[in-house]
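Single-structure report; data block below.
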Amino acid sequence: MIDRENGGIENFIRPDSWVDRKGFAHWVVGVLWIVFAFLLFQVTASVVVIGLLLYAGELQEAQTAAEVLALFSDRLDLVFWGNSTGQILFIGLASFLVAKLHLSSGDSMSSFIRLKWRDDTPLYLLLGGVLMVVVQPIVIYIGFFNSLIPMPESVSEIQISQYEMFEQFLRQDGIIFFGLLHMALVPAICEEVLFRGYLLSAFEKSWGIVAAIVISSLVFGAFHVQLPNLIPLTVLGAVMAVMTWLSGSIWPAVLAHFVNNGMAVVLGSTYPDLAFRESTAETLPSVWLLLASILLTFFVVKVMLSRSSFFSGDNQ
């Protein structure tokens with residue numbers, strides 16, 4: 001457009017990111033990608049497992065859908081390879097491609113996904129790992145109260161069936177490192193890229209950080225399709241979202257996520273009777289342990305707040 005008063009050329013003012021130029025809301029694109037990522041992840045995992053079963057010559061013996069499902073249950077090692085493949089391709093890597101749609105001219109991928117390694121990142125790594133340990137009694141209590149919410153019988157049966165499969169799998173000898181890879185390391189990296197990296201930033205662009213933390217955590221809980229664990233998963237998601245925001249980096253959340261899942265794998269492998277026992281009022285941690293957990297959690301979060309650049313005036 002010609003600026004006639006100044007005799008020059010005035011640049012057109014246009015939104016920076018592809019999402020803005022097309023008139024979409026950032027949160028809408030984020031939700032759409034979560035749905036597509038989940039579907040693509042599931043399809044990829046199934047295709048990989050079927051391909052591995054065919055390669056092993058085991059699928060030819062299955063004549064019905066029930067027999068195929070039974071094969072999936074018997075070969076959880078292949079299921080985990082399929083899940084990891086789907087997570088790496090679509091929960092992790094593809095999220096970087098979608099994130100480009102949200103980038104403004106002044107944004108970089110590392111800042112949007114919060115991949116930067118800052119001077120205080122090592123401190124937050126330590127604090128994040130400690131927080132994920134000390135918060136466990138609180139999460140256990142929340143999980144117990146979640147289990148008291150009436151669920152459809154079919155949902156409860158699916159949950160019990162999943163627990164039984166995982167218990168049988170983790171009881172095998174020499175499975176701990178395989179479990180740590182597929183149940184802790186891969187999900188920790190890929191899910192943090194998707195939820196605390198991509199989705200948190202996409203929602204933040206639309207609603208601000210507080211709403212982004214709350215809603216991305218709810219989506220994180222729902223993503224796992226475990227209604228009996230929806231509330232504790234949402235709380236864990238919120239804990240990792242807060243530490244990501246305060247630290248300005250997803251790496252503390254990646255470590256915290258690995259610690260959380262890794263503890264479950266190690267406990268399930270070494271003490272399966274303890275790990276997979278039914279959650280009742282009698283099996284809950286003591287009230288004193290719960291109080292200690294609350295106090296320690298409060299202390300660690302307070303240290304995070306005091307160290308955060310968002311409260312010290314330096315958020316670069």
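We did not get these values from a lab; they are worked out from the coordinates using the rules stated. Computed from a predicted structure; not experimentally measured. Positions of Cβ are generated from backbone atoms using ideal geometry, with glycine treated the same way; all protein chains shown enter the neighbour counts.
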Quiz item: Considering the dipole of segment 2-312 built from charges on the beta carbon (Lys and Arg +1, Asp and Glu -1) around the Cα centre, which of 245, 220, 68 is farthest to its positive end?
Solution: 245
Quiz item: Most fluctuating residue of 209, 158, 34 in a GNM of the chain with Cα springs under 10 Å: which is it?
Solution: 158
Self-check item: Protection proxy ranking, peptides 259-269, 192-202, average beta carbon neighbours within 10 Å, highest first
Solution: 192-202, 259-269
Practice problem: Quick one: check the C-alpha center-to-center distance for segment 30-48 versus segment 274-293, whole angstrom. | Solution: 35
Quiz item: Sorted by packing (mean other beta-carbon atoms within 10 Å per residue), highest first, where do 116-123, 26-33 land?
Solution: 26-33, 116-123
Quiz prompt | Cα-centred dipole magnitude for segment 153-200, charges only on beta-carbon of K, R (+1) and D, E (-1), debye, nearest 20 | solution = 240
Quiz item: Hey, got a sec? Which trypsin sites (Lys or Arg not before Pro) in segment 223-308 land in a DSSP loop and have at most 12 other Cβ atoms within 10 Å?
Solution: 277
Quiz item: Along the positive direction of the dipole of segment 2-312 (beta-carbon charges: Lys, Arg +1; Asp, Glu -1; about the Cα centre), which of 147, 48, 211 reaches farthest?
Solution: 211
Quiz item: When N is the residue count of segment 115-248, what does its C-alpha Rg come to as a fraction of 2.2 N^0.38 Å?
Solution: 1.16
Practice problem: Determine the distance separating the Cα centre of segment 162-176 from the Cα centre of segment 55-132; give it in Å without decimals. | Solution: 21
Quiz item: What does the convex hull of the Cα atoms come to per residue for segment 2-312, in Å³?
Solution: 174
Quiz item: Using a Gaussian network model of the chain with C-alpha springs under 10 Å, which one of 105, 46, 279 is most mobile by mean-square fluctuation?
Solution: 105
Practice problem: Please determine, in degrees from 0 to 90 and to the nearest 10, the orientation of helix 136-147 with respect to the longest principal axis defined by the Cα atoms of the chain, where the helix direction is its Cα long axis. | Solution: 70
Quiz prompt | the chain, helix-only ellipticity at 222 nm - DSSP H runs n ≥ 4, -39,500 (n - 2.57), divided by all residues, nearest 500 | solution = -20500 deg cm²/dmol
Practice problem: With springs connecting C-alpha atoms under 10 Å apart, model the chain as a Gaussian network and identify which of 23, 248, 143 has the largest mean-square fluctuation. | Solution: 23
Practice problem: Give a residue-ordered list of calculated ³J(HN,Hα) values for segment 194-211 (Karplus: 6.51 cos²θ - 1.76 cosθ + 1.60, θ = phi - 60°; whole Hz; x for Gly, Pro). | Solution: 6, 8, 7, x, 5, 5, 4, 6, 4, 5, 4, 4, 8, 10, x, 6, 5, 5
Self-check item: Computed over the chain: relative contact order in percent, which uses C-alpha pairs under 8 Å that are six or more apart
Solution: 24
Self-check item: Lys, Arg +1 and Asp, Glu -1 on Cβ, resulting dipole of segment 2-312 about Cα centre, debye, nearest 20
Solution: 1020
Practice problem: Show which aspartates and glutamates lie in cross-link reach of residue 205 when reach means a straight Cα distance below 13 angstrom and same-chain residues fewer than eight apart are skipped. | Solution: 16, 20, 107
Quiz prompt | Segment residue 74-residue 56, length gained on full extension (0.36 nm per residue, minus Cα span) | solution = 5.1 nm
Self-check item: Mean Cβ count within 10 Å, highest first, over the residues of peptides 39-45, 290-296
Solution: 39-45, 290-296
Self-check item: Leading residue at positive end of dipole, the chain (Cβ point charges), from 28, 91, 256
Solution: 28
Quiz item: Length gain on complete extension for the stretch residue 155 to residue 206, per 0.36 nm per residue less the alpha carbon to alpha carbon distance?
Solution: 15.0 nm
